[in-house]
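Chemist: One structure, as structure tokens, below. Some questions next.
The values are calculated or read from the model by the stated rules, or taken from the named source; none is laboratory data. What you are looking at is a predicted structure, and each value in this text was computed from that prediction instead of being measured. In this analysis, Cβ positions are derived from the backbone assuming ideal geometry, glycine residues included, and neighbour counts consider all displayed protein chains. In case anyone asks, the SASA skips ligands and DNA or RNA and just uses the protein heavy atoms, side chains included. Shrake-Rupley method; radii C 1.70, N 1.55, O 1.52, S 1.80 Å.
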Amino acid sequence: MTRSARAAAAALVLFGGCAPTAEPRGLLGRLWHLEVGPQYRRPPVATPDDFRARIGPADAASFADLPWWQVFGDPALQDLVRGALAGNYDLQSAVARIEEARAQVGVAASDLYPQVGYQGSAEREKSFTPNFPSATFNIFQGAFNVAWEIDIWGRIRRATEAARAQFLATEEVHRGVVVTLVSDVATDYFALLELDRELAIAHESAETYKRTLDVFTRRYVGGTDTKISTSRADANLQSSLANIAALERQITQQEDALSVLLGTNPEPVERGMPLVAQATPVTPPGLTTDLLRRRPDIRQAEQNMINANAEVGVAVANFFPTIGLSAMYGNAGSKIGNVFKNGASVWNIAANVSGPLFQGGRLIESYRAQQAFWDETIAQYRATIVEAFREVADALAAEARLAEQRRAQEAQVVALQQAVRLSLARYETGLSNYIEVLDALQLLYPAENALAQTQRDQLIAVVNLYKALGGGWETS
């Protein structure tokens, strides 16, 4: 057993001495660092000098470099985002995929090193020889073995490079899930606040129409008004009540959607500042070149290119012979107890070379397939960049035009509120009937709803811009 251990240690020293070093030395060192196939170079892409629909002059600073808790100032929203980052199941799944990809890098890199194992066998054999009695033999054998593929052409290193790129791409997928999750929570929260605002307007309109119905009912009973006025007031009241029921349903469903993002069962969602108190932050987009640095989908697309380029190298290396070394040392005996005591020694050291001659075109077609995949990843990379600039331009345009739309709608609401006051004053002085007041109210409440929706859309435009710019990419 001592001889076997010494032989195994000697084999480890032999093959360990051939392990890769930091710097190539001599011909063998240069061969070790040889890698066939193309070296990765980032393909050129066309990027605009400035973002379309940018507001204000170009500035290197971008609000996308801020962590999300500095962008969204509502403490209740911040708590919701923290809860989503801690409990969202899609995010947990993305983290698990990162660990899986990290382990696959180790699997691919393990072939760079000698593979040490053991083997054992037990046999019973009987021989028959003419004119001699038959004999029965027992053979027991135990041995250690070492095998190592010398990665001269870089096939294993290219496979490891591909696995590492896949791992880094998975990390970018995780970052993308984080950015999307934060954006979805903020979007759903602002939509919930807008529904709260619409519900408040609906309750206000219901109260107004109820008072109006009481007035018309008294006038009708007193004979000073017609049934048409009471029917119209009642219709307005029932419309408001139906709207309240619809809004309460939508609020419950919106809260349920937020609960799913948080990884919890459906439950009420705590609010912070109301919609009208939410402030839109200053949103400089920064430089166009920084978009390639921040966007997780662009970074993922580049890692996919690196992966495809490395796989081309693997396909090229498959044309070259595989060179390996192997060693085995062990003992054999007729009794299992004598294998490591008085058994015969068995050892073997071998070098082997194997390579393809004819495989029906499999290797060349594999190479062509990997080359086509490399071209595909380049197209996907460029398409991702174009889509990223489109999303930023859309978000900037929405931010600019929604601000103009909000100013106009706020002026409209102020004008309609004044119209309601004037119509009430005219009605109280007997200059007009109450129908004029109803007409003004029927214009005011939809205008207030439209204004609330625009306020929501403004906040969501900030969220979309933050997401489009790859916001918060440096935060843990």
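Chemist: Among the residues of segment 114-136 satisfying the criterion of being open to solvent by less than 90 Å² (accessible area, probe 1.4 Å) and in contact (Cβ under 8 Å) with a residue 24 or more places away in the chain, which is farthest from Gly324 (Cα to Cα)?
Modeler: In the first step, residues of segment 114-136 are kept if they are open to solvent by less than 90 Å² (accessible area, probe 1.4 Å); the result is 114-117, 119-122, 127, 129, 134-136.
If we keep only those that are in contact (Cβ under 8 Å) with a residue 24 or more places away in the chain as well, we get 114-117, 119, 122.
Working: Pro114: 10, Gln115: 11, Val116: 14, Gly117: 16, Gln119: 19, Ala122: 28 Å.
Ranking the qualifying residues of segment 114-136, first place goes to Ala122.
Chemist: Hey, Leu241 hits all of (1) within 29 Å of the chain's Cα centre (by Cα); (2) surrounded by 14 or more Cβ atoms within 10 Å (Cβ to Cβ); (3) in contact (Cβ under 8 Å) with a residue 12 or more places away in the chain but one; which does it fall short on?
Modeler: Condition (1) is where Leu241 drops out.
Chemist: So which of Arg211, Arg197, Arg219, Arg164 ends up being touching a residue at least 12 places away in the same chain (Cβ under 8 Å), open to solvent by 60 Å² or more (accessible area, probe 1.4 Å) and farther than 30 Å from Tyr40 by Cβ? Break it down stepwise before answering.
Modeler: On the way: Arg211 fails: touching a residue at least 12 places away in the same chain (Cβ under 8 Å); Arg219 fails: touching a residue at least 12 places away in the same chain (Cβ under 8 Å); Arg164 fails: farther than 30 Å from Tyr40 by Cβ.
When all the criteria are applied, what remains is Arg197.
Chemist: What are the pairs with Cβ atoms under 9 angstrom where one residue, in segment 66-85, is free of Cβ contacts under 8 Å to residues at least 24 places away in the same chain and the other, located anywhere, is assigned to a loop (DSSP other than H, G, I, E, B) and open to solvent by 30 Å² or more (accessible area, probe 1.4 Å)? Sequence gap at least six, or different chains.
Modeler: Listed by first residue and then by second, the contacts come to Trp69/Thr475; Gln70/Pro281; Gln78/Gly272.
Chemist: Does Gly360 qualify as being out of contact with any Leu (no Cβ under 7 Å at 6 or more places or on another chain), part of a loop (DSSP other than H, G, I, E, B) and closer than 30 Å to Ile323 by Cα?
Modeler: Details: out of contact with any Leu (no Cβ under 7 Å at 6 or more places or on another chain): yes; part of a loop (DSSP other than H, G, I, E, B): yes; closer than 30 Å to Ile323 by Cα: yes.
So Gly360 fits the description; yes.
Chemist: If you don't mind, another one. Kindly indicate which of Gly324, Gly333, Gly355, Gly361 is open to solvent by less than 60 Å² (accessible area, probe 1.4 Å) and within 40 Å of the chain's Cα centre (by Cα).
Modeler: Numbers: Gly324 fails: within 40 Å of the chain's Cα centre (by Cα); Gly333 fails: within 40 Å of the chain's Cα centre (by Cα); Gly355 fails: within 40 Å of the chain's Cα centre (by Cα).
None of the other options fit; the residue is Gly361.
Chemist: Can you confirm whether Ala327 is on the phi < 0 side of the Ramachandran plot, hydrophobic (A, V, I, L, M, F, W, C) and touching a strand residue (DSSP E or B) at 6+ places or on another chain (Cβ under 9 Å)? Give the steps one after another, and end with the answer.
Modeler: On the way: on the phi < 0 side of the Ramachandran plot: yes; hydrophobic (A, V, I, L, M, F, W, C): yes; touching a strand residue (DSSP E or B) at 6+ places or on another chain (Cβ under 9 Å): yes.
Spelling it out, Ala327 is indeed on the phi < 0 side of the Ramachandran plot, hydrophobic (A, V, I, L, M, F, W, C) and touching a strand residue (DSSP E or B) at 6+ places or on another chain (Cβ under 9 Å).
Chemist: Considering only residues that are surrounded by fewer than 22 Cβ atoms within 10 Å (Cβ to Cβ) and under 30 Å from Ser334 (Cα atoms), which ones fall in segment 139-155? Before you say what the answer is, go through the steps one by one.
Modeler: Filtering segment 139-155 for residues surrounded by fewer than 22 Cβ atoms within 10 Å (Cβ to Cβ) gives 139-142, 144-145, 147, 149-150, 152.
Result: Ile139, Phe140, Gln141, Gly142, Phe144, Asn145, Ala147.
Chemist: If you go through segment 167-174 one residue at a time, do you hit one that is open to solvent by 50 Å² or more (accessible area, probe 1.4 Å), without any contact (Cβ under 8 Å) to a residue 60 or more places away in the chain and either part of a strand (DSSP E or B) or out of contact with any strand residue (DSSP E or B) (no Cβ under 8 Å at 6 or more places or on another chain) (or both)? So that I can check it myself, show each step before the final result.
Modeler: Kept after step one, since they are open to solvent by 50 Å² or more (accessible area, probe 1.4 Å), are these residues of segment 167-174: 168.
Still in the running and without any contact (Cβ under 8 Å) to a residue 60 or more places away in the chain: none.
No: zero hits.
Chemist: What residue, among those in segment 278-295 that are assigned to a helix (DSSP H, G or I) and in contact with an Asp or Glu (Cβ under 9 Å, 6 or more places away or on another chain), is surrounded by the most Cβ atoms within 10 Å (Cβ to Cβ)?
Modeler: Kept after step one, since they are assigned to a helix (DSSP H, G or I), are these residues of segment 278-295: 288-294.
The next check asks that each one be in contact with an Asp or Glu (Cβ under 9 Å, 6 or more places away or on another chain); those that pass are 288, 290, 292, 294.
Numbers: Thr288: 17, Asp290: 18, Leu292: 18, Arg294: 22.
Among those that are assigned to a helix (DSSP H, G or I) and in contact with an Asp or Glu (Cβ under 9 Å, 6 or more places away or on another chain), it is Arg294.
Chemist: Out of (1) open to solvent by less than 20 Å² (accessible area, probe 1.4 Å); (2) among the β-branched types (Val, Ile, Thr); (3) more than 19 Å from Thr180 (Cβ to Cβ), what's the single condition that is false for Ile298?
Modeler: The failed condition is (3).
Chemist: Return the pair list, or none, for Cβ contacts closer than 6 Å from residues in segment 357-385 that are more than 28 Å from Glu172 (Cβ to Cβ) to residues that are in a helix (DSSP H, G or I) and modelled with pLDDT of 95 or more, at least 6 apart or on different chains.
Modeler: Close Cβ pairs (under 6 Å, with a partner that is in a helix (DSSP H, G or I) and modelled with pLDDT of 95 or more) do not exist here.
Chemist: Pairs needed: first member in segment 430-459, at negative phi and in contact (Cβ under 8 Å) with a residue 24 or more places away in the chain; second member anywhere, among the basic types (Lys, Arg) and assigned to a helix (DSSP H, G or I); C-beta distance under 6 Å; at least 6 residues apart or different chains.
Modeler: Taking only residues 6 or more apart or on different chains, the pairs are Ala452/Arg197; Thr454/Arg406.
Chemist: Yes or no: Ile251 surrounded by fewer than 20 Cβ atoms within 10 Å (Cβ to Cβ), under 25 Å from Gln278 (Cα atoms) and of a type in the set (A, V, I, L, M, F, W, C)? Show your work before the answer.
Modeler: On the way: surrounded by fewer than 20 Cβ atoms within 10 Å (Cβ to Cβ): yes; under 25 Å from Gln278 (Cα atoms): yes; of a type in the set (A, V, I, L, M, F, W, C): yes.
Judged against the criteria, Ile251 is a match.
Chemist: Here's another thing I want to ask about it. Does Glu436 meet the test of being out of contact with any Pro (no Cβ under 6 Å at 6 or more places or on another chain) and open to solvent by 70 Å² or more (accessible area, probe 1.4 Å)? Spell out how you get there, then give the answer.
Modeler: Details: out of contact with any Pro (no Cβ under 6 Å at 6 or more places or on another chain): yes; open to solvent by 70 Å² or more (accessible area, probe 1.4 Å): no.
Answer is no for this residue.
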